Structures are given as C-alpha cells and as structure tokens.
Amino acid sequence: MKVYGYLLFLAIILLSTKILGIATKKIHLPQVVGALLAGIILGPSCLGLIEITDFIKKTAEIGVIMLMFTAGIDTDMKDLKETGGKAFVIACFGVAVPLLFCGSLYFFFFERSADFMSVLKAAFVGMVFAATSVGITVETLNELGKLKTKTGATLLSAAIIDDILGIVLLSVLTGLSGRGEVGAEGGAGVLLVAAKILLFFVFVFAVGFVTKKIFERISEKHYQSRRIAIWALAFCFVMSFCAEVFFGVADITGAFFAGLILCNLTKSRQYVAKKVTVTSYMLFTPVFFASVGMRTDLKTMNFGILLFALLLIVLTILSKIIGCGFGARVCGSKKHEALVIGIGMVARSEVALMVAQKGIDAGMIDSKMLPAIILSVICSALVTPILLKAAVSKGPELE
C-alpha cells in the first residue's frame, strides 16, 4: 500500500484543487486561491492527510517551471514596445516600493541585526510581493469595457515588465543566498555573484539568438505539430537546468527566459503555449499550489506572526498603489489614471508563491512566514476587483 500510496495522494490533490478552484472561480476569485485552500485543508493545518514527500516536491518543481515558461511565452512584445517607456518606469517603482515596505516590515519584526544575511532575508520577503498578477485586473477591466484603453494597455505592459524585473532581482538574490560567506569575503563575493549573473544573461542572449532561428525554421513546416511543443518544453527544461547548475540562478528564471525567447514565434507560439498549459494544469501545477498550502501550518501562528500578517496585508495593498501610482504620475498620467494603474497592480498570485517557495528552498524565508504570505496573496486578490471597480466607476472616463 505504501509503495503505491502516491497514486492515491495525487488523485486527492487533483480532485480537491479542482473542486475548490471551481468554487472560488464562482465567487470571482482566481482558481489558485482554491488550490491553496485545498493544500491547507490536506496539510498539517487541518486534516494532515498528505505529507510533502520528495516525489511531491519534484512534481511541484516541474509545475512551477512550466508556469514560468508559459508566462514567458505569453509575453506580447508588441504591447511592450507601444507603452514600454512609461510602463518601465511604473514597473520600477512597482517593484522597488513593495520590496522596501514589505522587506522593512519583516526586518523590523524578525531580525535583530543589520548583517548581510538579515538584510538578504528581508529582501527575499520583499521580493515575494514585488511581482504583479493581472488576471483579476484584466477580467475586471474587460467587464467594465476599459481593457482596450491607453490606461489598460499601460497597466498590462507594466505588469509584464514588473515580472521581468522581479525575475532578474530574484536571480540576484538567489545567487547571493548561495554565497552565505559573501559577508566575510566582502566585495569579492558580490563581484563573483554579479559576474555569474551577467554571464547567465550573455548565455541567454547567445542561446536565444540561435534557438529562435532554429525554431522559426521548424515552425514553418510543423507549426501545429506536437513535436514543436515537445522540443519547446525540452528547451525550457534545459534552460532551467543550466540556470541553476552552471550560473547559480533560480531554475524558474531559466524557464521564464526560455519562454521569452520563443514568444515571437508568430505561427507556433499559441499552439506551444496551449499544449504546455494543458500538460501543466493536468498534473504539475495543481500539485505545486497544493504543496504551498500543505507547507503552511496555521497552528504555528502566534500573536507576533498574526500581527505581522495583518500589517503585511496592508503594506501589500498600499505599496503597489503608492509605487505604481507615483510612477504613473511621474510619467504624466492624471491622478485618476495613476490611481487606477496603482490599484490594478495590487493583485498577487502565482509569481509571489513561486518566489516564496524559492526563498524557503534557499533557506532565506522561514516556513512559519507562509501563513502570513498566503493571507496577503489572498487578500490582495480579494480587494483588487472591489477597489478597481470603485475607482473606475467614480472617476472621469479613462482614455
């Protein structure tokens, strides 16, 4: 029974995540919230039915790699070019302010000294809330008929750049976290990490140039053939391996840039994204989200962590409104447009959970922080459509 128990566990995970995902979707929340709740119920917080085994860990890791690959391949470079400058400024403030606010809150609560590792841990917590998930925003703006406005286009572009900046910073933090002795080595350790990260991006550019040419030729004849989807996924896994093993960069960074390299394949891009998404969401992605929930033990929450969670929720929401709103104002947006952009960037979801998981794996985030992180992610998803509808309906017409 024990030998084949993983089959039963997989069945329970898949059924529970889908049932609760459908339930949360009916109340206009992302299905990821339902998957998280399923994991919390199955884990030590409630029923304690399933433990995090090595099999579940590796299955979840494949899920997060495939998620980041599809995020990269779904990136629309045309939209980025049209609103790139303004969106880049908004994204920079949208990453910097949450990193500062949420990281500082963690540092104030849990760190007692300003040494290198303490600051790095605080930066990891801040990075969790740097990236945006605009799925809810897109749905809300579409419902209000404002998705095709200039404000809507700027918001979407800023969210894409936001994710790219977040992934780059995650690469830096991951590299530094693997060098626990950096503090002792001083500048030499930091320079070594910086050199490896720089080499990684040189590698991405060189491999990307060659790979893009190869896939363009293949896609001319086989743009809707399963072989191109298989080759694309294999390329994703190779890039993930190279990022982690050769450059000390998070594997999801390699996966994301693998997707970016292939995002301009006009003929086969949508086909590859569809095939990978179906494969991912059939098995690997639900296991990832459930595993995050299963790692969460609500029983370990004390008054200090509860207070931290409540303040973190507030800063999670305010940091994006302040950061992205200020960035929009710097670029000449009107007050109302800046407010809509700021609110539209509030929601966090998949990327936040991925960064949190990477932080835990690297030993930079204590697993006791997961309840606070998950509560903040869920609350940001809850308030975004409410605040966005209020801001759009009560203000002047968006351009």
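The values are calculated or read from the model by the stated rules, or taken from the named source; none is laboratory data. None of the values given here were measured: they were computed from a predicted structure. Quick reminder, even Gly has a Cβ in these numbers, built from the backbone with ideal geometry, and neighbours come from all protein chains shown. SASA here: full protein model, heavy atoms, side chains in, ligands and nucleic acids out. Shrake-Rupley method; radii C 1.70, N 1.55, O 1.52, S 1.80 Å.
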- Inspect region 219-229 for any residue being closer than 18 Å to residue 67 by Cβ and open to solvent by less than 80 Å² (accessible area, probe 1.4 Å) and give the result as yes or no. yes
- Looking at residue 97, is it modelled with pLDDT of 90 or more, within 18 Å of the chain's Cα centre (by Cα), assigned to a helix (DSSP H, G or I) and surrounded by 17 or more Cβ atoms within 10 Å (Cβ to Cβ)? yes
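Conditions tested, residue by residue: (1) of a type in the set (D, E, K, R); (2) in contact with a Ser or Thr (Cβ under 8 Å, 6 or more places away or on another chain).
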{"residue": "302", "(1), (2)": "no, no"}
{"residue": "310", "(1), (2)": "no, no"}
{"residue": "325", "(1), (2)": "no, no"}
{"residue": "353", "(1), (2)": "no, no"}
{"residue": "362", "(1), (2)": "no, yes"}
{"residue": "368", "(1), (2)": "yes, yes"}
{"residue": "374", "(1), (2)": "no, yes"}
{"residue": "382", "(1), (2)": "no, no"}
{"residue": "393", "(1), (2)": "no, no"}
- Item | Extreme residue, modelled with the highest pLDDT, among residues of region 100-125 that are within 16 Å of residue 308 (Cα to Cα) and charged (D, E, K, R) | 121
- What residue, among those in region 76-94 that are assigned to a helix (DSSP H, G or I) and acidic (Asp, Glu), is most open to solvent (accessible area, probe 1.4 Å)? 82
- Message: Can you find, within region 147-164, the residue that is modelled with the lowest pLDDT among those that are surrounded by fewer than 18 Cβ atoms within 10 Å (Cβ to Cβ) and touching a helix residue (DSSP H, G or I) at 6+ places or on another chain (Cβ under 6 Å)?
- Response: 147
- Query: Considering only residues of region 111-138 that are without any contact (Cβ under 8 Å) to a residue 40 or more places away in the chain and not aliphatic (A, V, I, L, M), which is surrounded by the fewest Cβ atoms within 10 Å (Cβ to Cβ)?
  - Reply: 112
- Does any residue in region 59-74 that is under 25 Å from residue 6 (Cβ atoms) and modelled with pLDDT of 90 or more come within less than 9 Å, Cβ to Cβ, of a residue that is in a helix (DSSP H, G or I) and charged (D, E, K, R) six or more places away or on a different chain, and which pairs are these? 61/251; 61/361; 65/251
- Item | Hits in region 244-268 (condition: modelled with pLDDT of 85 or more and farther than 17 Å from residue 70 by Cβ) | 244, 245, 246, 247
- Please note which helices (runs of 4 or more DSSP H) are completely contained in region 269-387 and include at least 3 residues that are basic (Lys, Arg) and either more than 17 Å from residue 65 (Cβ to Cβ) or open to solvent by 10 Å² or more (accessible area, probe 1.4 Å) (or both). 269-279
- Item | Hits in region 336-353 - residues which are farther than 12 Å from residue 134 by Cα and touching a helix residue (DSSP H, G or I) at 6+ places or on another chain (Cβ under 7 Å) | 337, 338, 339, 340, 352, 353
- Identify all residues within region 246-264 that are closer than 17 Å to residue 205 by Cα, open to solvent by 10 Å² or more (accessible area, probe 1.4 Å) and over 18 Å from the mean Cα position of the chain (by Cα); write none if there are none. 246, 247, 261, 264
- Checked region 42-75 for anything open to solvent by 60 Å² or more (accessible area, probe 1.4 Å), under 22 Å from residue 372 (Cα atoms) and in a helix (DSSP H, G or I); matches are 57
- Hits in region 21-41 - residues which are of a type outside the set (S, T, N, Q), under 15 Å from residue 282 (Cα atoms) and buried (at least 16 other Cβ atoms within 10 Å of the Cβ): 21, 32, 35
- Message: Can you find a residue that is modelled with pLDDT under 95, part of a helix (DSSP H, G or I) and among the hydroxyl-bearing types (Ser, Thr, Tyr) anywhere in region 203-214?
- Response: yes
- Note on the structure: When (1) outside any helix (DSSP H, G or I); (2) modelled with pLDDT under 80 are applied to residue 130, the one that fails is (2)
